[in-house]
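What follows is a short report on a single structure.
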Amino acid sequence: MALKAVHVSDVPVSLLDIVQENIALALPPASSTPRSSQGVGDERGENGNEVAYGVLPAEKFVVMGHRGNGMNMLQSPDRRMKSVKENSLRSFNAVAKFPIDFVEFDVQVTRDDCPVIFHDNFILTKHKGEIIEKRVTDLTLEEFLTYGPQSDHENVGQPLFRKTKDGRIFEWKVEDDAPLCTLQEVFENVDHSVGFNIELKFDDHVVYQEADLTRVLQAIIRVVRDHARDRPIIFSSFQPDAALLIRKLQSTYPVYFLTNGGNEIFSDVRRNSLDEAIKVCLSGGLQGIVSEVKSVLRNPGAVTRIKDSHLTLLTYGQLNNVAEVVYMQHLMGVKGVIVDFVREITAAVSDFISSSAKEAREGEGLLGKSKGDEEAKVAKPQFSQHELSFLFKLIPELIQASGH
C-alpha cells in the first residue's frame, strides 16, 4: 500500500475536537538538550556507552531517502513508486537537489567479493519464457552487471523481474531506468553533499557463520575506507550478529541496529521488540536503532527508554510518507526518518521548522534572546492542542490501514 500525503488542514474541524488523554506522555521534556554530533566516541553517557549521534547533525531533524528517491513498488498504482530505479546512481543523485541529509541503500557482496547495491536476496530474469531466479551473492560481479540496462548502450542486458512478498512476479519497469551499480561507483559518482546509510543486507532465512560475515563485512569496509573521504557514513543491519561484528571490525563509523520492532516475529528474539534492540545496542556499543515506524507509534514510551540509553532513534516504513506522522515523531524525540516521497517530506519538514520559528518570533519576539534560545525554538516546533488531539486519533487508524 502506498500512502499519499495527508494534511491536518484537509480534515473537518469537528474531528479536531476529539480529546486524547495523556498526550504529554509521548513527548520529550522541553528542557531536552541535543548532543554534539562530531563523530563516534566523542562523548559517553553515564553507562559508558558512546553517545549515539555520530555523524548525524545534532540540531537537525534528519531525512533520508529510501533506496535513493524511494523504493520501487511495481504493483502500486502510485506513479511515484515507479518513477526512478531504486538503488541506482540516478536515484541517489535525483534526491541531492532536495534538502536531504542521507540516502539509504542496500549492500550485498558478490561471490568474488565485490560490494554491490541491490535490495532483494534473489535477482530474476526471463529466458525462453521461463523465470530464472539466482541468489545475488552466488553471482560474480560480471554476472550481476549483465542484468537490466547497460552502461554501454550497445549491449543489451538481461530483462529484470521482481517477486513480491505474496509471490507475484512483475517485470521491473520504471519511468527512469538505470544500470545496476557497485558500492565503489556510488562513492565515486554520487553528490558528495549526501551522506550514506549503508544497510548491510543478509537473508533472514540463512544462518551465517562468523567467518562468512567477516568476509562480507571486510569487503565492504575496504571500499568505504578507500573512497569515503569525509562523507558522512552510518552502517545499519537487521542481522544482529553482522551489526555487532562490524562495530568490532571498525570504530570510525556509527552502527545502527535495524528492527521490525515486533511487527513480524523471528526465531532470533533479538529482532522481535524495541527493548531487545536496546539490549543489542548496549551489549555491543552500537550507536542507535532504526525501527519500523508502527512499532514506535504503538509504543511511544520506548522513545524515552532509547534516549535514556543514550541511543539515537530513526524510523522507516510507509507511514513516513505521511507528513503529519513525521511531524509527530519529531515532537516525540525521534531523530530522523527514512522516506520514499523525498520531495514531499523534505518540503513538509522545512515548512514545519520554518513555521515554528516564525511563530516563535511573532509570539515572543527575539529581542534579548541568545542564539541558542532561537535555535531551541527552531528545533522544537509545536502543534496546537487540537492538532495533537487529532493526530493521536489519526495515527492508530493509519497503522491499521497500512497493515492491510
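Data table
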{"quantity": "Residue check, Gly365 modelled with pLDDT under 70, exposed (fewer than 14 other Cβ atoms within 10 Å of the Cβ) and under 27 Å from Met64 (Cα atoms)", "calculated": "no"}
{"quantity": "Cross-chain or 6+ apart pairs with Cβ under 6 Å, the range 249-266 first and among the small types (Gly, Ala, Ser), then modelled with pLDDT of 95 or more and assigned to a loop (DSSP other than H, G, I, E, B)", "calculated": "Gly262/Asn272; Gly262/Ser273"}
{"quantity": "Index of the failed condition, Asp176 passing every other in (1) out of contact with any strand residue (DSSP E or B) (no Cβ under 8 Å at 6 or more places or on another chain); (2) of a type in the set (Asp, Glu); (3) farther than 25 Å from Ser236 by Cβ", "calculated": "(1)"}
{"quantity": "Cβ-Cβ under 6 Å pairs, at least 6 apart or on other chains, the range 164-177 side within 22 Å of Arg90 (Cα to Cα), far side assigned to a loop (DSSP other than H, G, I, E, B) and of a type in the set (Ser, Thr, Tyr)", "calculated": "Glu175/Ser83"}
{"quantity": "Of residues in the range 101-138 being within 16 Å of Phe202 (Cβ to Cβ) and part of a loop (DSSP other than H, G, I, E, B), the one nearest to the chain's Cα centre (by Cα)", "calculated": "His119"}
{"quantity": "Residues located in the range 227-258, provided they are hydroxyl-bearing (Ser, Thr, Tyr) and in contact with a strand residue (DSSP E or B) (Cβ under 6 Å, 6 or more places away or on another chain)", "calculated": "Ser236, Ser237, Tyr253, Tyr256"}
{"quantity": "Unmet requirement for Ala96, which otherwise passes all of (1) under 24 Å from Thr346 (Cα atoms); (2) modelled with pLDDT under 95; (3) part of a loop (DSSP other than H, G, I, E, B); (4) small (Gly, Ala, Ser)", "calculated": "(3)"}
{"quantity": "Selection from the range 324-335 of residues that are assigned to a loop (DSSP other than H, G, I, E, B) and more than 13 Å from Glu292 (Cα to Cα)", "calculated": "Gly333, Lys335"}
{"quantity": "Any hit, the range 203-225, residues being within 19 Å of Arg90 (Cα to Cα) and in contact (Cβ under 8 Å) with a residue 24 or more places away in the chain", "calculated": "no"}
{"quantity": "Test: residue in the range 201-215 that is touching a strand residue (DSSP E or B) at 6+ places or on another chain (Cβ under 8 Å), at pLDDT 95 or above, of a type in the set (A, V, I, L, M) and buried (at least 19 other Cβ atoms within 10 Å of the Cβ)", "calculated": "no"}
{"quantity": "Test for Arg168: is it among the basic types (Lys, Arg) and loosely packed, with under 13 Cβ neighbours inside 10 Å", "calculated": "yes"}
{"quantity": "Test for Lys173: is it closer than 28 Å to Ala96 by Cβ, of a type in the set (Lys, Arg) and part of a loop (DSSP other than H, G, I, E, B)", "calculated": "yes"}
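Listed here are the residues, each with its yes/no results for (1) hydroxyl-bearing (Ser, Thr, Tyr); (2) assigned to a strand (DSSP E or B); (3) in contact with a Ser or Thr (Cβ under 7 Å, 6 or more places away or on another chain); (4) at negative phi.
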| site | (1), (2), (3), (4) |
| --- | --- |
| Gln150 | no, no, no, yes |
| Phe196 | no, yes, no, yes |
| Asp204 | no, no, no, yes |
| Asp212 | no, no, no, yes |
| Arg222 | no, no, no, yes |
| Asp226 | no, no, no, yes |
| Arg229 | no, no, no, no |
| Ser236 | yes, yes, no, yes |
| Leu245 | no, no, yes, yes |
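The values are calculated or read from the model by the stated rules, or taken from the named source; none is laboratory data. Note that the structure is a prediction, hence the values are computed from the model and not measured. Glycine gets a Cβ as well: all are built from the backbone with ideal geometry, and neighbour counts include every protein chain shown.
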